[in-house]
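Accompanying notes for the structure given below.
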Amino acid sequence: MIKIIGGGPVGCHLAANLAKKKDVTIFEENKKIGTPVQCTGILTHTINNVLKVNTNWVENKIYQTRIFAPNKKTIEINFKKPNIIINRKLFDEHLEQKAIDEGVKIFYEHKFVKPFVVKNLKTKKEEKIKFEKLIGADGPRSTVRKAIGLNPITCLSGIQAIIKQKNNNCIDFYPYIGEYAWAVPESENILRVGIAARRDAGKIFRDFKKKYPGKIISWQSGVIPLHNPRTQTENKNIYFVGDSAGQIKNTTGGGIIPGLIAAEKLSEAIIQNKNYTKLWKKKIGKELWLHYQIRRVMNNFSQKDWNKLIETFNKDPIKKVLSEKSRDEPIGLITKLILKEPKLLLYIRRFWK
């Protein structure tokens, strides 16, 4: 008898896997899974290692990105395999249906409010839940984490606007604005423009938006968790997965693929009575640790440093590596970059604190 708090893509993917062997119930706070949308929805081609890509939830495929320096110089990278831009609502609903097809019971408008009580938001009635295993898949502000006294996940503030503006189907990335900023084409006429920041997110976004003056169609905002290698992801028979476990790439905020992989490892741990923390760290722990360390280095950069780094990267051998290796595989990426440009190692060490 397994209870999952949170019916996002990670919670539903986990439930579908567990339901092959276990009785699984999801409690979802919202009326529908897939809303509200709080995600840029960009995935590397490595999603194919986790899920079969369904054209129904793919909005766009992008083969090029530009990385901007403060001095307005750029690196242009052409991907050998495209980045996939998904419709998060349809993506979430796809995984929801897979869970339902496996026999998972989903209770909508049910919120975990205290140990171990779920509140029906329609009737206002509270019910104590019984479980063999309890799983917090309830996002970076996990009420399950809070309920059992674990340290909260450190988060960034994220703001994104959907903007009507013609574009050339190229991702723009600004690693020096806030924590990072982006403009991602949803289609030839629509951009997803946003920033992530530790503070002053509203001001940073307003300034950044001037680069993309199109009409705003809608807004999205939320918090973006940060990975910390010391974050606790289980406590006896209670587990955390995805954003509630801080399983995210600190360099870009990407959490869907790491979360889905961690969900598969949690399913394996429960069904086969293995150690969850060891399983997920063996699979993705080194990669997330490297994103964590790279982010620490990046936080020490001045604008002059960013200009120098972008200039260093703007060489054909380096761009070739960036075009071939996925950011979801940072160990291989960094290794190849250093082999092509050994002075990068000395440059990085200069900022290591």
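What follows draws every value from the coordinates through simple rules; no lab data is involved. Everything numeric here is computed off the predicted structure, so don't read it as measured data. Quick reminder, even Gly has a Cβ in these numbers, built from the backbone with ideal geometry, and neighbours come from all protein chains shown.
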**Asked** In segment 269-282, which residues are in a helix (DSSP H, G or I) and among the charged types (D, E, K, R)?
**Response** K278, K281, K282
**Request:** Spot the failing condition for E127; the list is (1) of a type outside the set (S, T, Y); (2) in contact (Cβ under 8 Å) with a residue 24 or more places away in the chain; (3) outside any loop (DSSP other than H, G, I, E, B), and only one is missed.
**Result:** (2)
**Message:** Would you confirm, using the coordinates I've provided, whether P36 is surrounded by fewer than 14 Cβ atoms within 10 Å (Cβ to Cβ) and more than 20 Å from N169 (Cβ to Cβ)?
**Reply:** yes
**Message:** So if I check each of E76, E29, which one is within 21 Å of Q220 (Cα to Cα), among the acidic types (D, E) and surrounded by fewer than 22 Cβ atoms within 10 Å (Cβ to Cβ)?
**Reply:** E29
**Request:** From the list L260, L266, pick out the single residue that is of a type in the set (A, V, I, L, M) and either in contact with a strand residue (DSSP E or B) (Cβ under 8 Å, 6 or more places away or on another chain) or outside any helix (DSSP H, G or I) (or both).
**Result:** L266
**Message:** Given (1) closer than 12 Å to I5 by Cα; (2) under 24 Å from the mean Cα position of the chain (by Cα); (3) exposed (fewer than 14 other Cβ atoms within 10 Å of the Cβ), identify the lone condition not met by V117.
**Reply:** (2)
**Prompt:** Which residue pairs have Cβ atoms closer than 8 Å, lie 6 or more positions apart in sequence or on different chains, and pair a first residue in segment 100-112 that is in a loop (DSSP other than H, G, I, E, B) with a second residue that is crowded, with 16+ Cβ neighbours inside 10 Å and among the charged types (D, E, K, R)?
**Reply:** E109/E28; E109/E29
**Asked** Within segment 27-65, can you find the residues that are without any contact (Cβ under 8 Å) to a residue 60 or more places away in the chain, under 18 Å from the mean Cα position of the chain (by Cα) and farther than 24 Å from E324 by Cβ?
**Response** T35, W57
**Request:** Out of the residues in segment 266-302 that are crowded, with 16+ Cβ neighbours inside 10 Å, farther than 14 Å from Q232 by Cα and small (G, A, S), state the one that is farthest from the chain's Cα centre (by Cα).
**Result:** A269
**Item:** Lone qualifier among K89, K105, K146 - being farther than 23 Å from S157 by Cα and basic (K, R)
**Value:** K105
**Message:** Tell me yes or no: at least one residue of segment 66-76 is within 20 Å of the chain's Cα centre (by Cα) and not hydrophobic (A, V, I, L, M, F, W, C).
**Reply:** no
**Request:** Six or more apart or on different chains, Cβ under 6 Å: which pairs go from a residue in segment 298-325 that's farther than 28 Å from I47 by Cβ to one that's of a type in the set (G, A, S)? Could you list them?
**Result:** W306/A69; N307/A69
**Request:** Can you confirm whether segment 238-257 contains a residue that is surrounded by fewer than 24 Cβ atoms within 10 Å (Cβ to Cβ) and part of a helix (DSSP H, G or I)?
**Result:** yes
**Asked** Do the conditions hold for L90, that is, is it outside any strand (DSSP E or B), farther than 30 Å from N273 by Cα and not hydroxyl-bearing (S, T, Y)?
**Response** yes
**Selection count where residues are within 17 Å of N17 (Cβ to Cβ) and of a type in the set (K, R), scope segment 47-99** = 2
**Asked** Residues of segment 194-235 being crowded, with 20+ Cβ neighbours inside 10 Å and in contact with a Cys (Cβ under 7 Å, 6 or more places away or on another chain), which ones?
**Response** I224, P225, L226
